[in-house]
Structure formats: structure tokens, C-alpha cells
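Novice: So that we are looking at the same thing, I have put the structure below in C-alpha cells.
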Amino acid sequence: MKKVAVILSGCGVFDGAEIQEVVLSLLALEQNDAQWQCFAPDIDQHHVIDHRTGEAMNETRNVLTEASRIVRGEILPLTDLNVDHFDALLVPGGFGAAKNLSDFAYNGDPVQVNQEMFAVCQAFARAEKPAGYMCIAPIMIPQIYPKGVKGTIGNEPDIAAAFNRMGGEHIECPVSDYVLDQRHHLLSTPAYMLATSVLDAAGGINRMVKKLVELA
């Protein structure tokens with residue numbers, strides 16, 4: 001059975017991992033007979049957002065602790081992730097990918113990727129093991145892979161331009177599909193960059209995860 005490492009960035013679309021993307025991803029992995037193990041960096045979130053109002057809250061939360069809520073506690077610190085123990089990598093989106101795993105949300109490009117995240121993702125790339133990124137998470141791809149790497153965040157022109165400025169090649173992609181960079185065994189799908197419902201998001205996520213497991 002294939003084993004897939006899944007990296008989360010907190011809990012909640014505005015300051016952490018997009019919960020529906022995570023659940024859809026884990027469901028798709030199990031439906032394709034793959035095992036999963038979730039990881040998250042043991043760091044403070046960039047900030048905490050009240051998801052009812054969209055306002056910042058005067059409190060501090062831990063990315064690992066918050067992410068554990070989504071997966072019923074089945075999660076380990078990112079420093080425990082050993083690439084040798086896994087066949088593939090999967091990174092769901094949510095603003096946490098652009099706030100906690102990287103600084104894109106508040107500094108733009110060139111993106112600075114969290115050091116632990118960068119080391120793990122580069123290890124999968126060097127080992128030529130397949131990886132899948134969704135939603136806003138692909139904005140980190142040009143900093144992890146060599147120049148010319150292909151990926152998608154959907155069709156948002158400003159983010160696509162940032163992707164290209166960092167040396168990537170952005171490919172427009174509908175929510176129901178994914179982009180495959182065959183040279184780097186790398187997949188990406190827009191998910192909630194374009195999705196308007198859970199069913200909408202599921203289309204591309206299911207297709208990408210199925211292909212990820214096939215490549216693993």
C-alpha cells in the first residue's frame with residue numbers, strides 16, 4: 001500500500017489549512033488504497049482570524065495543535081517527516097499555506113518558504129517522488145523546484161504572474177482538472193482558488209490524488 005505524507009498549515013481557510021480540501025484529500029487517498037500520515041510545523045500561526053467576521057483576533061495559536069483538530073489528533077510535527085518512509089507528498093491549500101508555510105500572503109514574491117517546509121519538499125523533489133499541491137499552496141513550487149517547473153493556481157492573473165516571476169511556468173487550469181509536470185513528478189490543482197462548492201472542489205482533487213497515487 002502506498003504511503004503519502006500530507007502537510008497541513010493549521011485549521012481554517014483564512015488562517016490555516018482549508019478543511020474541506022483536507023478531508024476531500026484524505027478521503028480520496030483512502031479510496032485509492034493509499035495510507036496517509038499528516039504533519040504540520042510546530043510553530044505559531046501568523047495570526048488568528050475569526051471565521052465568522054473575517055477580523056483578526058488578539059490571541060496566539062499553534063499550527064500543529066490547530067491542524068490536529070481536522071484529523072482527530074492523527075498528526076506529527078513536520079520535523080518527524082522522513083522522506084524515505086513515504087512514496088508521495090500532498091499539500092492542501094488554505095491561507096495557512098501562504099501565511100504559515102510561506103510568507104506569500106503578506107510579502108508577495110519572491111516567496112520565502114518556512115525552513116522546515118522547504119527542507120521536506122526539496123527532499124521529495126530530490127528523491128524524485130511525486131508531490132501534489134492544491135489551491136494557493138502551488139505558489140511555493142517555483143522556490144522548491146528548478147526553473148521552468150509547471151504548476152497552476154487556476155486563472156488568477158496576479159498570482160500567476162508571481163508564479164512566473166519566480167521562475168515557474170503557470171498553466172491555467174479548470175477546477176475539475178490538474179496540471180502534471182512529468183519531468184518533476186509534480187501535480188497541482190486549483191481546488192478552492194476556483195471552486196464554488198464542496199462538490200466543485202472534489203472534482204480536481206479526486207483526479208489529482210488518483211494520479212498522485214498511480215505515480216507513487
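Bear in mind these aren't lab numbers, they're just calculated from the coordinates by the rules spelled out. Keep in mind that this is a model prediction, so the values were computed, not measured. Cβ sites come from the backbone with ideal geometry, for glycine too, and all protein chains shown count toward neighbours.
Novice: Which aspartates and glutamates does K210 reach when only Cα atoms under 17 Å apart count, and residues fewer than 8 places away in its own chain are ignored?
Specialist: Straight-line reach from K210, under 17 Å: E21, E30, D33, D87, D177, D181, D200.
Novice: Same structure, new question: Give me the extension gain from D158 to D44: residue separation times 0.36 nm, minus the current Cα-Cα distance, reported in nm with one decimal.
Specialist: 38.2 nm
Novice: Still on this structure, I have one more. Any chance you could run the full-extension gain for T196 through F118? It's 0.36 nm times the residue separation minus the Cα-Cα distance, nm to one decimal.
Specialist: 25.0 nm
Novice: Mean separation of Cα pairs under 8 Å and 6+ residues apart, divided by the residue count of the chain: what relative contact order is that in percent? Could the numbers behind the result be given before it?
Specialist: Values: 518 pairs, mean separation 44.4, N = 216.
The normalised contact order for the chain reaches 21 percent.
Novice: How far, in nm, would the chain grow between K3 and R165 when pulled straight, counting 0.36 nm per residue and subtracting the alpha carbon separation?
Specialist: Roughly 55.0 nm would be gained on extension.
Novice: If each DSSP helix of 4+ residues adds -39,500 (n - 2.57) and the sum is divided by the residues in the chain, what number results at 222 nm, nearest 500 deg cm²/dmol?
Specialist: Dividing the helical sum by the residues of the chain leaves -9500 deg cm²/dmol.
Novice: Would region 1-67 count as rounded, prolate or oblate if I go by the C-alpha gyration tensor, calling it rounded below 1.5 in a/c and otherwise prolate when a/b exceeds b/c, oblate otherwise?
Specialist: oblate
Novice: What longest range of the chain stays clear of loop-exposed trypsin sites (Lys or Arg not before Pro) (DSSP non-H/G/I/E/B, at most 11 other C-beta within 10 angstrom)? If you can, show how the numbers build up before the last one.
Specialist: Working: sites that count: R52, R72, K147.
The segment 73-146 is the longest one with no such site.
Novice: Okay, moving on. For region 89-183, what class follows from the C-alpha gyration tensor (a ≥ b ≥ c being the square roots of its eigenvalues): rounded when a/c is under 1.5, otherwise prolate if a/b is larger than b/c, else oblate?
Specialist: rounded
Novice: For region 68-127, report the convex hull volume of the alpha-carbon atoms normalised per residue, in Å³, without decimals.
Specialist: Numbers: hull volume 5.8 nm³, N = 60.
Hull volume over Cα atoms, normalised by residue count, gives 96 Å³.
Novice: I've got another one for you. What would the Debye formula give as log10 I(q)/I(0) at q = 0.11 Å⁻¹ for the alpha-carbon point model of the chain, no solvent?
Specialist: With one equal scatterer per Cα and no solvent, log10 I(q)/I(0) is -0.44.
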